[in-house]
């Protein structure tokens, strides 16, 4: 049985959270080949990312309230089953349209699983302790963005793009088995009111009236949107424009992802000393600095892979610091509505990423500016929100226990 304050539980929750990187990062080296094999344009192939994000975002609206009402474990098990089914269809997709639709199903399952993982953390911990747990999960999960594209590059070279979804299916089946056999129910008090559209709207309205929640939400949305500008643009920028092979792109992507691992690890060490707010601030500085460093390098005429990869590593370092703490700050005021708070935060986070990712996909051309410009804008926005909301976040981020 998985128990509180054990590495086994943290590792399992990290595995569930890693379903996102497994579903996106691993097949990134295959995006150009998917376009060739399925006779699809770059914009159509990019829709496999945006469709995933849209499906992920929409389903989160219901997952949290359902887990507050019926329990974490049933929602998690159902979600993991949907995730596995989506991967089966992705692996067999004959056209780009079927692949896009299957990515939505895959996202529906991954969405519920990740919402429940964050909610379980809030069931068991709060405040800086929750931030530390989310950071530890992020540090473990951060291995996924490092190795997933490397695995994806090898799979693409050896077996083709469909193999990525077969491996994702295996990860999903492992998570489903562990959840079914070993995970206890962590919800102590179930929400009394029945699930209805009116009640869900009312619950979310209550959450949005908390200004600290909204501030943390804005930091989450802007920083995460910058990440998906990278995910949407980097395969085409680094492979088509800079000439990297699938394996070369995977290595560059993995090097950048080390920044995220370092950020989450650093956050897990410092958050208990300096608090959520200051840790988010350090991360926001890294986000803005990374975006502007890439823009400056391009403005100076640099066309090297390093001019993209090194600033992105800094951005991801900032993301590893800011994102887990912003999520903890968003969930802390709502111990009895942790599922709903996690759902709404995830919905806004994923929706903003889907919108920016789609925009970036249509902007792609003969330069890296469609990546650098949005990245700088999102990093700056996260920093500005952190600066202007400091008093609100300090005053209103209180656990209502």
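The values are calculated or read from the model by the stated rules, or taken from the named source; none is laboratory data. If you're wondering where the values come from, they're calculated on a predicted model, not measured in any experiment. Glycine also receives a Cβ, built like all others from the backbone with ideal geometry; neighbour counts cover every protein chain displayed.
Some notes on this structure:
- The helices (runs of 4 or more DSSP H) found entirely in the range 331-401 that carry 1 or more residues being out of contact with any strand residue (DSSP E or B) (no Cβ under 7 Å at 6 or more places or on another chain), surrounded by fewer than 20 Cβ atoms within 10 Å (Cβ to Cβ) and modelled with pLDDT of 90 or more are 369-388.
- Residues of the range 28-42 satisfying the condition of being within 13 Å of residue 93 (Cβ to Cβ) and under 22 Å from the mean Cα position of the chain (by Cα): 30
- Exclusive hit being in a helix (DSSP H, G or I) and farther than 18 Å from residue 136 by Cβ, set 265, 317, 236, 260: 236
- Among residues that are within 20 Å of the chain's Cα centre (by Cα), at pLDDT 80 or above, assigned to a helix (DSSP H, G or I) and surrounded by fewer than 20 Cβ atoms within 10 Å (Cβ to Cβ), residue 51 is not included.
- Only a single item in (1) assigned to a helix (DSSP H, G or I); (2) crowded, with 23+ Cβ neighbours inside 10 Å is not met by residue 26, and it is number (1).
- Sole exception among (1) in a helix (DSSP H, G or I); (2) in contact with a helix residue (DSSP H, G or I) (Cβ under 6 Å, 6 or more places away or on another chain); (3) farther than 22 Å from residue 380 by Cα for residue 244, by number: (1)
- If only residues of the range 194-219 that are loosely packed, with under 13 Cβ neighbours inside 10 Å and free of Cβ contacts under 8 Å to residues at least 40 places away in the same chain are counted, the one that is farthest from residue 62 (Cα to Cα) is 209.
- Across the range 155-193, the qualifying residues are those that are within 16 Å of residue 17 (Cα to Cα) and free of Cβ contacts under 8 Å to residues at least 60 places away in the same chain, and the one among them that is nearest to the chain's Cα centre (by Cα) is 170.
- Considering each residue of the range 274-296 in turn, none proves to be touching a residue at least 24 places away in the same chain (Cβ under 8 Å) and part of a loop (DSSP other than H, G, I, E, B).
- Wholly within the range 119-230, helices (runs of 4 or more DSSP H) carrying at least 3 residues that are closer than 30 Å to residue 281 by Cβ: 127-141, 143-158, 197-208
- Taken together, the residues in the range 25-69 that are out of contact with any helix residue (DSSP H, G or I) (no Cβ under 8 Å at 6 or more places or on another chain) and without any contact (Cβ under 8 Å) to a residue 60 or more places away in the chain amount to 1.
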